[in-house]
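What follows is a single structure, written as structure tokens, with notes after it.
The values are calculated or read from the model by the stated rules, or taken from the named source; none is laboratory data. Just so it is clear, the model here is predicted, and its values are computed rather than measured. For neighbour counting, all protein chains shown are included, and Cβ atoms are generated from backbone atoms with ideal geometry for every residue, glycine included.
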Amino acid sequence: MLSNTLRQSPLSLRSIMTNSVAKGPVSEVIAEKLTASFSPVHLEVRNESHMHNVPTGSETHFKVIIISDKFKDARTPIKRHRLVNETLKEEVAADGPVHALSIIAMTPEKWQEKMEKGEAVAPSPNCMGGDGSLPKRK
């Protein structure tokens with residue numbers, strides 16, 4: 001059984017979930033494309049660039065948490081990831097603005113199970129330095 005939170009309209013829930021997320025132009029494009037393609041009941045676009053060796057204010061590293069009924073036919077995580085990557089193909093292309101994209105994509109039922117068990121989405125680890133070719137951030 002879905003909670004009342006998941007039964008809310010996708011736009012009202014999305015606006016609640018993005019209040020604490022930085023909204024730069026790349027983040028906004030990602031959110032717009034995913035909303036248009038998947039009509040999610042829950043969407044978070046987390047800019048995690050600050051955790052990496054990139055200039056302040058960058059939009060290069062993201063975590064997307066997307067919950068949608070459109071994933072019911074994509075039964076494996078890799079199939080759901082492929083759907084998201086296809087939607088964001090311009091952003092994740094070699095010459096696109098996104099360097100790294102972590103994807104958590106679930107059906108509303110699987111998300112509800114996770115929430116009922118008290119399983120939150122774990123924070124991403126800080127960057128371990130990559131290959132060291134970039135200058136250190138000041």
- Quick one: which helices (runs of 4 or more DSSP H) lie wholly within segment 35-138 and hold at least 3 residues that are farther than 24 Å from GLY24 by Cα and either modelled with pLDDT under 95 or in contact with a strand residue (DSSP E or B) (Cβ under 6 Å, 6 or more places away or on another chain) (or both)? 108-116
- Task: Return yes when ALA105 is crowded, with 17+ Cβ neighbours inside 10 Å, in contact with a helix residue (DSSP H, G or I) (Cβ under 7 Å, 6 or more places away or on another chain) and either among the hydroxyl-bearing types (Ser, Thr, Tyr) or in contact (Cβ under 8 Å) with a residue 40 or more places away in the chain (or both) and no when it is not.
- Result: yes
- Can you name the condition, by its number, that VAL84 falls short on among (1) in contact with a helix residue (DSSP H, G or I) (Cβ under 8 Å, 6 or more places away or on another chain); (2) surrounded by fewer than 11 Cβ atoms within 10 Å (Cβ to Cβ)? (2)
- Note on the structure: So, first residue touching a residue at least 40 places away in the same chain (Cβ under 8 Å) in segment 113-126, second residue assigned to a helix (DSSP H, G or I), Cβ within less than 6 Å, six or more apart or across chains; the pairs are ASN126/MET51
- Message: I need a count of the residues in segment 51-75 that are more than 22 Å from SER124 (Cα to Cα) and out of contact with any helix residue (DSSP H, G or I) (no Cβ under 7 Å at 6 or more places or on another chain).
- Response: 3
